[in-house]
Amino acid sequence: MGYKVVVVGATGNVGREMLNILAEREFPVDELAVLASRRSLGTEVSFGDQTLKTQDLDAFDFTGWDMALFAVGSDATKQYAPKAAAAGCVVIDNSSLYRYDPDVPLIVPEVNADAVLGYSKKNIIANPNCSTAQMVVALKPLHDRAKIKRVVVSTYQSVSGSGKEGMDELWDQTKAVYNPTDEVPPKKYPKQIAFNVIPHIDVFMDDGSTKEEWKMVSETKKIVDPSIKVTATCVRVPVFVGHGEAINIEFEDFLDEDEARDILREAPGIVVVDKREDGGYVTPVECVGDFATFISRIRQDSTIENGLNFWCVSDNLRKGAALNAVQIAEVLGQKALQKG
Ligand code: 2RA
């Protein structure tokens, strides 16, 4: 006996990955509905070896459906998630709309799976921002061993984080560099992204940080520990898929780099590739399509007491979004909606 599952936003980057991962992980689906906006009505999407046609989100009745994985923007989520939740369908939402709501659990299963039981307050569970998800998977096992005081993170975020438009802009601008007649002015991004990096993701806040950086701070505190101080610099880079992060941690107590490496090697969801030689580390192009969060360049930070540096890479469409959402569905099924 399986679940009646809905994927909302099935034609987008993340929605399609949700379908791929539901199939790859053989999630127990008894019935599947794939929804999209009216303009995408009838678009065909793949679920394993099946091809499904999208239905109209606006007309869909969520009554009798067990869970709905939402992969749409905050505006559409605001309009349809309450409708699904009120119909008794548990919403697992990838937008940022509910992440900071005290009545909505924000879940990374490797870190705080038990918190999923708080879903019943609003029948909604929030998925974290892609750049947060991969980082907290690494922070949690280290925090359990040597309490983390402060995290300094610089991200190198791929264009797929901003959807198909971002990917198309990188592709078109890159081609235009070799064909000057095809000038492609910045549209999705404030400046050229081809052969460039942009230290600006989402809107600017009053303190000069961006909302993407604020998300990493707020979400790390909610998921791992509110006492952890986090400062982030989030940068868009000309990579199609896969976020990289340079992470610096200050602990309450000393943690030796070798012990840190051993802890990370044993931690759920992590693969350590860490050799001090050419190619002894993971790069974004190598993580695409994988479920893991990869950790490399583990080393002491000797400029402070109890400091550690490492490099972290993960597929932002998978662990950063679709995989984490499906893992939440798995945990929800195991802990709260047992079937069969
Ligand atoms: C980005 N984290 O990378 C944001 C949203 N996915 O654009």
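Quick look at the values:
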{"item": "Amide proton proximity set for Asp274, modelled H, under 5 Å, gap of 5+", "result": "none"}
{"item": "Debye log10 I(q)/I(0) at q = 0.11 Å⁻¹ for the chain, Cα point scatterers", "result": "-0.73"}
{"item": "For segment 223-340, radius of gyration divided by Kirkwood radius, i.e. Rg to Rh on alpha-carbons", "result": "1.01"}
{"item": "Ranked packing of 311-320, 156-165, 8-17, most packed first, by mean Cβ within 10 Å", "result": "311-320, 8-17, 156-165"}
{"item": "Mean residue ellipticity (222 nm) of the chain, computed from DSSP H runs ≥ 4 via -39,500 (n - 2.57), nearest 500", "result": "-9000 deg cm²/dmol"}
{"item": "Leading residue at positive end of dipole, the chain (Cβ point charges), from Met1, Val237, Val203", "result": "Val203"}
{"item": "Segments 142-153, 126-137 sorted - mean Cβ within 10 Å per residue, highest first", "result": "126-137, 142-153"}
{"item": "Karplus 3J(HN,Hα) series, Hz, for segment 213-219 with 6.51 cos²θ - 1.76 cosθ + 1.60 (x for Gly, Pro)", "result": "5, 4, 4, 4, 5, 5, 6"}
{"item": "Sequence ranges 54-61, 281-288, ranked by mean other-Cβ count within 10 angstrom, highest first", "result": "281-288, 54-61"}
{"item": "Point-to-point label distance, Val285-Thr303, nm (Cα→Cβ direction, 7 Å offset)", "result": "3.0 nm"}
{"item": "Amide H partners (placed H, <5 Å) of Lys229, local residues excluded", "result": "Arg150, Val151"}
{"item": "Karplus-derived HN-Hα couplings along segment 170-185 (A = 6.51, B = -1.76, C = 1.60, θ = phi - 60°), whole Hz, x at Gly and Pro", "result": "4, 4, 5, 5, 4, 4, 5, 4, 8, 10, x, 6, 8, 3, 10, x"}
{"item": "The chain, accessible surface, carbon-and-sulfur percent (1.4 angstrom probe)", "result": "49 percent"}
{"item": "FRET E, pair His200, Trp171, Förster distance 22 Å, beta-carbon r, rounded to 0.05", "result": "0.60"}
{"item": "Magnitude of the charge dipole, the chain, Cβ model with Lys/Arg +1 and Asp/Glu -1, debye to 20", "result": "660 debye"}
{"item": "Heavy-atom accessible area per residue - segment 131-316, 1.4 Å, Å²", "result": "48 Å²"}
{"item": "Too-long pairs where the Cα-Cα distance tops 18 Å, listed order kept, from Lys149/Lys221; Lys191/Lys215; Lys140/Lys221; Lys4/Lys78; Lys78/Lys122; Lys191/Lys319", "result": "Lys191/Lys215; Lys4/Lys78; Lys191/Lys319"}
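The values are calculated or read from the model by the stated rules, or taken from the named source; none is laboratory data. Nothing here was measured: the structure is a model prediction, and the numbers come from that model. Cβ atoms come from the backbone with ideal geometry, glycine included; neighbour counts cover every protein chain shown. When the accessible area is computed, the model is the full protein with side chains, heavy atoms only, and any ligands, DNA or RNA have been set aside. Shrake-Rupley method; radii C 1.70, N 1.55, O 1.52, S 1.80 Å.
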